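Report on one structure; see the data block that follows.
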Amino acid sequence: MSNRRFPCLTFNDLTIIKRVFLYALPETKHTFFKSVLPKLKHTLSLTLQYFLPLAGKITWPQDSPKLVLQYTPGDVVSVSVAESDADFDLIASNHAFHASLVRPLASPLHVSETGASVISLRITVFPNQGFSIGITTHHAVLDGKSTTMFVKSWAYLTKQNPPLLPELTPFYDRNVIKDPPGFDMIKYMSNPP
């Protein structure tokens with residue numbers, strides 16, 4: 001597949017979102033790394049076939065004042081794996097706790113002079129308690145609803161074989177969003193990439 005450029009981004013697309021999903025799973029660290037993690041990686045690969053732009057990069061071409069989403073064959077999604085001794089039950093509860101417990105559960109997006117990654121994943125195991133999937137996304141590609149759809153699609157493909165259900169298939173046509181003329185450039189001029 002050749003390079004693909006997706007439509008220019010809109011004013012609403014210029015935010016980075018971090019979400020953490022927690023899953024109770026009383027498996028040992030050995031069991032998690034031997035059986036759960038390989039399945040998560042395999043089904044992530046299957047899911048990304050439906051969410052191809054996630055493997056792309058946000059770029060800022062010299063010939064355009066607007067950011068562009070571009071996928072090039074060989075582009076990848078960053079996945080890191082970590083272990084935590086934090087109190088999983090506290091983090092998963094409805095009780096107040098310090099945000100510093102959650103920050104390490106999501107990794108930053110890779111940013112360079114030529115572009116930024118679209119998504120970054122961190123899978124953190126809490127031995128004998130559960131695991132988390134931290135997702136950092138650029139709002140240009142995934143808002144909250146789309147992130148949830150991505151996670152649901154990944155969960156679905158972890159339990160079922162492809163194809164993905166139509167209601168879990170993403171929609172990326174940014175042409176349906178109509179910004180007032182010049183409104184998108186206000187954000188670029190006040191906060192250039």
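Between 83, 113, 27, the residue with the greatest mean-square fluctuation in the GNM of the chain (Cα pairs under 10 Å linked by springs) is 113. Each Cα pair under 8 Å and six or more residues apart adds its separation to the average, and for the chain the resulting relative contact order is 33 percent.
Taking amide H positions as modeled 1.01 Å from N, with prolines and chain starts lacking one, the residues under 5 Å from residue 118 and 5 or more places away or on another chain are 58.
In the chain, the portion of solvent-accessible area held by carbon and sulfur atoms comes to 57 percent [1.4 Å probe, whole percent, DNA, RNA and ligands not counted].
Alpha-carbon geometry of region 99-148: the Rg and the Dmax are 12.7, 42 Å, given in that order. Solvent-accessible surface of the chain, averaged per residue with a 1.4 angstrom probe and all protein chains in place: 57 square angstrom. Note on the chain: GNM, Cα springs under 10 Å; of 74, 134, 56, the largest mean-square fluctuation is that of 74. Quantify how much of the Cα-Cα distance distribution of region 45-160 extends past 25 Å, in percent. Summing the P(r) of region 45-160 above 25 Å gives 31 percent of all pairs.
The values are calculated or read from the model by the stated rules, or taken from the named source; none is laboratory data. In this text the structure is predicted, and so the values were computed from the model without any measurement. For accessibility, only protein heavy atoms count, side chains too; no ligands or nucleic acids. Shrake-Rupley method; radii C 1.70, N 1.55, O 1.52, S 1.80 Å.
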